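Participant: Structure provided below as structure tokens; questions to follow.
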Amino acid sequence: MRRKLMAGALAFVMAGSLVACGGGEKKAASEGESKEAATTAQSGESKSGEKKHYKFGYTCMDGTNPFFVTIQDKIKELVEANGDELIVTDPGNDVTKQISQVEDMLSQNLDGLFMNPVDAQGIIPALDLAKDAGVPMVGFDTEVGDMSYLVSYTGSDNYNAGKVVGEDLVKKAPNGGKIIVLDSPTMQSVVDRTNGFMDAIKDHGFEVVAQQDAKGNLQVAMGIAEDLLQSNPDVVAIFGGNDPTALGALAAANAAGIKNCMIYGVDGSPDIKSELASGNSLIEGTGAQSPVSIAEKAVKIMYDYVEGKQVEERYPVETFLITADNVAQYGTDGWQ
């Protein structure tokens, strides 16, 4: 159970318009751009009439997480299908390493950067570097501490993903009981999910006997859950901030011989769906999202922006509950 889960003609066009606008205003090319440059950007062609080729960077918090593997693969597929280049990095949940990797990518004259932070606040120095370099950033899945750095953001409705899980728990445990929460306070997406979950179960008789940072990682979650279950073997449920966390808790519960505990995750990963379809797992449900949809939207936003089109500040992606009752609709061999 320990499985793991850009060119030259465009540079000055972007220089004055890379930081996101405030409020609900749309992003637009800066007023200082010449009409000729704006026309060139919108057409996606150079002055010679040739198609521009872009170089984008990509960073996510954990490149071994299947959710991010799916996003990375889809973004790479779409960018390369357009004849462009994607530079991929993986900081392994180390924000210091992520800042260094972003600095290295920026030295390669990027035309744009797909950004998913290890730490919402800790990543700010890297955002400053990108801003100073005039590189537009499209955020995905997890917000940064100051969203004005981004030209746009797309991600799941994470609050709702946690909320639907909490609502399911309330329905299935009407008398409440002891629960464990395995979250990740540096990951805004997980914070939002946890908030949704906690709001849903509020005033329904549940007692959080432990709440610890599992860092969104299966092995970390497994070790924490092993310890927590020794002192709290009677918990009625465990909430994991993502599916790898839930799978880590599942491994720990199985090893401890726990028979009556409902374990929830958030993602809708193939592994979790397989557990739900098995009919004999402690996995009770997952607040599902679509990494494919997030990747497709992120790429669309990036190309629209670098080609001079307007983009909105935010593009939400729907989340919903998957349980054993409806898992057959979504299949177990891939992401929805």
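Participant: Normalise the Cα radius of gyration of the range 153-231 by 2.2 N^0.38 Å (N = residues in it) and let me know the number.
Facilitator: Numbers: Rg = 13.0 Å, N = 79, 2.2 N^0.38 = 11.6 Å.
Ratio of Rg to 2.2 N^0.38 Å for the range 153-231: 1.12.
Participant: With viscosity set to 1.306 mPa s and temperature to 10 °C, compute the Stokes-Einstein D of the range 51-118, Rh being the Kirkwood radius across alpha carbon pairs; µm²/s, no decimals.
Facilitator: Values: Rh = 12.1 Å.
It diffuses with D of about 131 µm²/s by this estimate.
Participant: Write down the radius of gyration of the range 190-277 and its Dmax, each obtained from C-alpha positions, in Å.
Facilitator: That works out to 12.3, 33 Å for Rg and Dmax.
Participant: Beta carbons within 10 angstrom, averaged per residue: use that to sort the peptides 243-254, 281-292, highest first. List each step's numbers first, then the result.
Facilitator: On the way: 243-254: 27.2, 281-292: 24.6.
Output ranking for 243-254, 281-292: 243-254, 281-292.
Participant: I want to verify the translational diffusion coefficient of the range 272-329 in µm²/s; compute it with Stokes-Einstein, Rh as the Kirkwood radius over Cα pairs, at 25 °C and 0.890 mPa s.
Facilitator: Details: Rh = 13.7 Å.
The calculation lands on 180 µm²/s.
Participant: Could I ask something else about it? If a paramagnetic tag sat 7 Å from the Cα of residue 147 along the Cα-Cβ line, which residues of the range 299-315 would have the backbone N under 16 Å from that point?
Facilitator: 311-315
Participant: Let me ask another. State the dimensionless ratio Rg/Rh of the range 210-336 (Rg: radius of gyration of Cα atoms; Rh: Kirkwood radius).
Facilitator: On the way: Rg = 17.3 Å, Rh = 15.8 Å.
Rounded to two decimals, Rg/Rh equals 1.10.
Participant: Two-decimal Rg/Rh of the range 121-182 from alpha-carbon positions, Kirkwood Rh?
Facilitator: Numbers: Rg = 18.0 Å, Rh = 14.5 Å.
So for the range 121-182, dividing Rg by the Kirkwood Rh gives 1.24.
Participant: With the Cα gyration tensor of the chain in hand, convert its eigenvalues to equivalent ellipsoid semi-axes via √(5λ) and list them largest first in whole Å.
Facilitator: Equivalent ellipsoid semi-axes, largest first: 41, 18, 17 Å.
Participant: Considering amide H positions built from the backbone, and no H for Pro or chain starts, which residues 5 or more places from residue 288, or on another chain, come under 5 Å of its amide H?
Facilitator: For residue 288, whose amide H was placed from the backbone, the distant partners under 5 Å are 267, 320, 321, 322.
Participant: Dipole of the chain, Cα-centred, from +1 at each Lys and Arg C-beta and -1 at each Asp and Glu C-beta, to the nearest 20 debye?
Facilitator: On the way: 27 positive and 48 negative charges, 73 e Å.
In total the dipole reaches around 340 debye.
Participant: Another question, if that's okay. Determine the relative contact order of the range 161-310: mean sequence separation of Cα pairs under 8 Å and six or more apart, normalised by residue count, in whole percent. Before the final figure, lay out the partial values.
Facilitator: On the way: 273 pairs, mean separation 32.8, N = 150.
This gives 22 percent for the range 161-310.
Participant: Show log10 I(q)/I(0) for the range 68-225 at q = 0.14, 0.20 Å⁻¹, two decimals, from a solvent-free Debye sum over equal Cα scatterers.
Facilitator: -0.79, -1.27
Participant: Counting residues in the range 100-146 as N, plug N into 2.2 N^0.38 Å and put the Cα Rg over that result. Mind dumping the intermediate values first?
Facilitator: Working: Rg = 9.8 Å, N = 47, 2.2 N^0.38 = 9.5 Å.
In units of the globular-protein estimate, the range 100-146 measures up at 1.03.
Participant: Enter the Cα centre distance for the pair the range 289-336 and the range 169-187, rounded to the nearest angstrom.
Facilitator: So the two Cα centres are separated by 26 Å.
Read-outs: derived from the displayed coordinates by stated rules, not from any lab. If you're wondering where the values come from, they're calculated on a predicted model, not measured in any experiment. Using ideal geometry, Cβ is built from the backbone for each residue, glycine included, and neighbour counts are taken over all protein chains shown.
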